[in-house]
Amino acid sequence: MKYNFREIEKKWQTYWAKNQTFKAENSSDKPKYYVLDMFPYPSGAGLHVGHPLGYIASDIYARYKRHKGFNVLHPMGYDSFGLPAEQYAIQTGQHPAITTATNIKRYREQLDQLGFSFDWSREVRTSDPKYYKWTQWIFIQLFNSWYNKRSDKAESITSLMAVFEKEGNINIQAACDEDTPVFSSEEWKGLSASEQQQLLLKYRLTYLADAEVNWCSALGTVLANDEIVNGVSERGGHPVIRKKMTQWMMRITAYAQRLLEDLDNIDWPQPLKDAQTNWIGRSEGASVTFNVIPSKDVEALEATGDVATSRTSVSHKIEVFTTRPDTIFGASFMTLAPEHELVDKITAPEQKAAVEAYVEATTKRSERDRLADVKTISGVFTGAYAEHPFTKARIPVWIGDYVLAGYGTGAVMSVPCGDQRDYDFAKHFNIPIPNIFEGVDISEEAFADKGNTIIANSDFLNGLDYPQATRKVIAALEEIGQGKGKINYRLRDAVFSRQRYWGEPFPVYYDSQGMPQMLPEACLPLELPEVEKYLPTETGEPPLGNASHWAWNTETFEVVANTSVDYATVFPLELNTMPGWAGSSQYFNRYMDPGNEAAIFSPEAINYWQDVDLYIGGSEHATGHLLYSRFWQKFMYDRGWAPKKEYAKKLINQGMITGMSAFVYKDQDKNVLYSKSLTVGKEVIPLHADVTLVNSSDELDIAGFKTFRPEFQDAEFVLEEGKYVVGREIEKMSKSKYNVVNPDQICEDYGADSLRLYEMFLGPLEQSKPWNTAGITGVHSFLKKLWKLYRSVDDSTPTPEHLKTLHKTIKKVEEDIENFSFNTSVSTFMICVNELTAQKCTSKAVLEPLAILVSPYAPHIAEALWEGLGHTESIAYEPFPQFEEQYLVESTKEYPISFNGKMRFTLELPLDMDKAGIEAAVLAHDRTAKYLEGRTPKKVIVVPGKIVNIVG
RNA sequence: GCCGAAGUGGCGGAAUUGGUAGACGCGCUGGAUUCAAAAUCCAGUGGUAGCAAUACCGUGUGGGUUCGAUUCCCACCUUCGGUACCA
């Protein structure tokens, strides 16, 4: 009987669905194991062969764990809010929900045909009100929480209010806004309700703030830093500018230190941890306050030369952050960011025009321009001076765009001898460069090596190295009240508002004072309303401003809010929606109890499943989803809802499968296309050709190409050796590059099992690799051979050779799966089948366990073979075979040999060989003999199966 | 610039703690089968020299450690990711 993969795969997919073979229960005698994939955004283009790579790997592991006796949770869902569906709605008017539903249906068909063992009964969709009810719920919890730095966790806002009542905020240590004033219990009580709310906003974990945001006018929305690539939007590549807007923010910075520290406790790829570490960007140093000398005093100072007079009339303070407080005596100027709030206040009248012109020029420059020419040094003197905290010398205050408003305090003390940017700036504007390092030449460049520093010309720091000087100067600064040790993070609070339609609505309304209020939980979900059009309103409101009717639980709201007025007008609702990462930040926990309508998940469910054991997905989410979700998890942990600080023990980044694009070369001026090697010395424009029009020897189907691109109907094709040869280049798989290979066609031609095996066979899971369909015949013919092997199975006793082949395979496959080296186990299967075929093995005792081994990789054929062996149940839960060493050493035994603890090699020796024989064999070993020449070993120590020590 | 990953046949890639480099697959060559093709099966396939046995050279480059290095150390080159004036 022929290997009819179409029939087999269809049959077993139906069987699994019908019998709910992979449904996971929330309790079991078996140990639990949770295998998670990053759920996809269902795009209109459907899946290409690159998408399932991680899903195949996780499916193999999930199936393997079932064979190993675990209760496996392996869910799948859709991250179904997002921009493309909305853009499509703007263009066509079709509601994003319809687009999304259609796309999901298509995704589901494609996923189903690959034979994944997902528990579909737990599917979630982030755009489903039943799901986003809980996204809104988390938002409310964040709003009702503050971060207590003493207990180092998030706590309920009511505990903070209780403290305010009692003693104000004098003893509170919290993650809060920089500008939070100090107040007493009396002052607090004296405030109006909305003034109190205003203050509380400074503490809440999600808060409303005027933030400098990345505004993309083409998309009509703000973007997070990780949604911007090279200064343009990740989606669409539109320009992005800085703009101040009132936005919902997430106080992720409260968790900066814990997000950093806990990286040590999770088994995630080092490059990904490094990316998060850099993104959080912890730097240790000091904050130092410089007093600005009022400009009227400056002239007096110059006249008298009396530095001390300025002490009495200090007005403004400049706070800076520095990682090198030890170099404070080398500070010869200060630089403020052009956006710094003091710029207006301290600029001297005679410099006003120049400063204003400079500020104007910088704000006009787009982020992109600023990035493009980082090498140009620019800046302007403010005419103001600050006073050195120790020497009391006057230091000129400059502004320069190399100082960023968004980092630290937006101001630096410039130490040209110790920092290259300060050095370049000083050189450019002829500012003195005092040298404060012992025995270092700074005539050409700054000296920034803090490991080799001995401080000089620095008063009480002379002769100290970096750590000593740092400690001493911080102590001195604290003493005079002009600074302290400080840890600064690059991580910013996350902007959480998007001016889009297709996202989660905020469960927020604004009261008569304009203060944000959370909807009562009973009103959730606040459903996304219907709108006439998906663009901003005429008044510039986000698309939700077009909504006339909001679908929310009005009755409940009336009861809870105790009002029966027409709140839709009295209480305006928040019109922004949440960003893409909102829905994906707790989905892994929702899978544990997806149908729960009373809670995001039950305590029983999360206490049973705890956390994800294995998470597989792309590394592109390193500083987005994978950071935000860790943040929310820690919040859920702090508030007692989740039992684990980290939600994923182990994470693997699967590599990208790239496409092999094909190019034709058009003459720049004429309608002539040159074959690849004829382009030398010609001005040609490379154009993408559809890869399906190119055969395996890179020859273009010219007739097909003319149909594909009719504008070349009459073009002249210049051939080489009678062929038009295309150029090849490896690029990301994308519709626009015409290099997409579709899994449907491959399933049709070779079957899902072949595709699964081949995707694994392509190379190491974590490596990116180009797709090349040609090689699939290899794994496909392996499956055919496997099928053939099971044609005549009998109860014959396996020979030692059969058993050796089998157990060798068991051992290798198990090791490979545990190490995620799926590519090499496919090779192992091929070797196994070739050997068993050559050995004419028909023994059920060998073929039965082999079917189980193959089952995680090629589940359909494994089920069919299993059935052929006379079983009536699915193979999915059969115990994984155990290998036995004895079968591997049937005829010979391998002795790894260690010589003087140094020399090591492996000898294959007969099992019954005695010591003398082994010694002789060791001496006969040619490489050993070479070394042993002239040195007679006294004895050979044999530890069976382990080590042979030759003592010379 | 900084951080990270990786360089092995014509191609994708194997190689346990340092121990016969190139497993397995693709491709290619030759053969069997066939009227012919597809499919299948068998043999060969890193380079150079040689009829051959065999010899020499070979894991990005140059050094080093070692009886022995794809593997460990140092320097450099290249490619790919991430990040970018972070004080």
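Just so it is clear, none of the values below were taken in a lab; they were calculated from the coordinates. The structure presented is a predicted model; accordingly, all values stated were derived computationally and were not measured. Cβ: placed from backbone, ideal geometry, glycine included. Neighbour counts: every protein chain shown.
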The alpha-carbon pair-distance distribution computed for the range A:316-445, with 10 angstrom bins and whole-percent values, is 12, 45, 34, 9, 0
What ³J(HN,Hα) values, in whole Hz, does the Karplus curve 6.51 cos²θ - 1.76 cosθ + 1.60 give for the range A:765-774 when θ = phi - 60°, with x put for Gly and Pro?
3, 7, 9, 8, 8, x, 7, 8, 5, 3
In nm², what is the average projected area of the convex hull enclosing the Cα atoms of the range A:391-435?
3.6
With a/c under 1.5 counting as rounded, go ahead and sort the range A:600-680 into rounded, prolate or oblate using the C-alpha gyration tensor (a ≥ b ≥ c being the square roots of the eigenvalues; past the cut-off, prolate if a/b is larger than b/c, else oblate).
prolate
Modelled FRET efficiency - R0 35 Å, residue A:834 with residue A:701, Cβ distances, 0.05 increments:
0.45
In nm, to one decimal, how far is the residue A:670 label point from the residue A:766 one, both placed 7 Å along Cα→Cβ?
5.3
Simple label model, 7 Å out from Cα along Cβ direction - residue A:607 to residue A:275, nm:
3.7
Per residue Cα convex hull volume in Å³ - calculated over the range A:174-258
117
Can you compute log10 of I(q)/I(0) for the range A:611-754 with the Debye formula, treating each Cα as one identical point scatterer, at q = 0.16, 0.21 Å⁻¹?
-0.89, -1.23
Which cross-chain or sequence-distant (5 or more) residues have an amide H under 5 Å from the amide H of residue A:333, H modelled 1.01 Å from N in plane?
A:414
Overall dimensions of the range A:29-138 by Cα: Rg and Dmax, Å
15.8, 54
List A:530, A:444 from most exposed to least, where exposure is judged by having the fewest other Cβ atoms within 10 Å.
A:444, A:530
If I take the Cα coordinates of the range A:702-780 and project them onto the principal axes, what are the three extents in Å, biggest first?
44, 28, 26
If I histogram all Cα-Cα distances within the range A:92-207 using bins 5 Å wide from 0, what percent of pairs lands in each bin?
2, 9, 15, 15, 10, 7, 7, 7, 9, 7, 6, 4, 1, 0
Stick to the Cα atoms of the range A:722-853, pair each with every other, and give me the Kirkwood hydrodynamic radius in Å at one decimal.
16.8
When averaged across all projection directions, what area in nm² does the alpha-carbon convex hull of the range A:366-499 cover?
10.9
At 7 Å along Cα-to-Cβ for each site, give me the label-to-label distance between residue A:869 and residue A:6 in nm.
2.9
In the range A:620-667, what is the volume of the convex hull around the alpha carbon atoms, normalised per residue and reported in Å³?
92
Packing-based exposure ordering (other Cβ within 10 Å, fewest first) of A:28, A:821:
A:28, A:821
Antiparallel bridge percentage (DSSP; both residues within chain A; nearest 5):
80
The convex hull of the Cα atoms of chain A, divided by residue count, gives a volume in Å³ per residue of 274
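In what sequence, highest mean first, do A:87-93, A:741-747 appear when ranked by Cβ atoms within 10 angstrom? Present the calculation step by step, with values, prior to reporting the outcome.
Details: A:87-93: 14.9, A:741-747: 17.3.
Ranked by mean Cβ neighbours within 10 Å, highest first: A:741-747, A:87-93.
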With no solvent and one equal point scatterer placed on each C-alpha of the range A:459-515, evaluate the Debye formula and give log10 I(q)/I(0) for q = 0.16 Å⁻¹, two decimals.
-0.70
With no solvent term and unit scatterers on the alpha-carbon positions of the range A:602-644, Debye gives log₁₀ I(q)/I(0) at q = 0.28 Å⁻¹ of -1.01
Quick shape summary for the range A:497-545, equivalent ellipsoid via Cα gyration tensor, semi-axes whole Å in descending order, reads 21, 15, 8
Taking θ as phi - 60°, what are the ³J(HN,Hα) couplings along the range A:99-115 by the Karplus curve (6.51, -1.76, 1.60), each to the nearest whole Hz, with x for Gly and Pro?
3, 5, 4, 4, 5, 5, 4, 5, 4, 4, 4, 5, 5, 4, 6, 8, x
Percent relative contact order of chain A, based on C-alpha pairs within less than 8 angstrom and at least six residues apart?
13
Set A:345/A:392; A:65/A:634; A:189/A:645; A:11/A:812; A:18/A:844, cut-off 26 Å on Cα-Cα distance; pairs above it are A:65/A:634; A:189/A:645; A:11/A:812; A:18/A:844
Return the ratio Rg/(2.2 N^0.38 Å) for the range A:1-79, where Rg is computed over Cα atoms only.
1.29
Tell me, what ³J(HN,Hα) does each residue in the range A:727-741 have, in order and in whole Hz, if you take phi through Karplus 6.51 cos²θ - 1.76 cosθ + 1.60 with θ = phi - 60° and put x for Gly and Pro?
x, 10, 8, 8, 9, 4, 6, 7, 3, 5, 9, 6, 10, 7, 10
Proportion of all alpha-carbon pairs of the range A:114-170 beyond 19 Å (%)
54
Treat the range A:800-872 as a sphere of radius equal to its Kirkwood radius over Cα pairs and apply Stokes-Einstein at 37 °C in a medium of 0.692 mPa s; give the translational diffusion coefficient in µm²/s, rounded to a whole number.
264
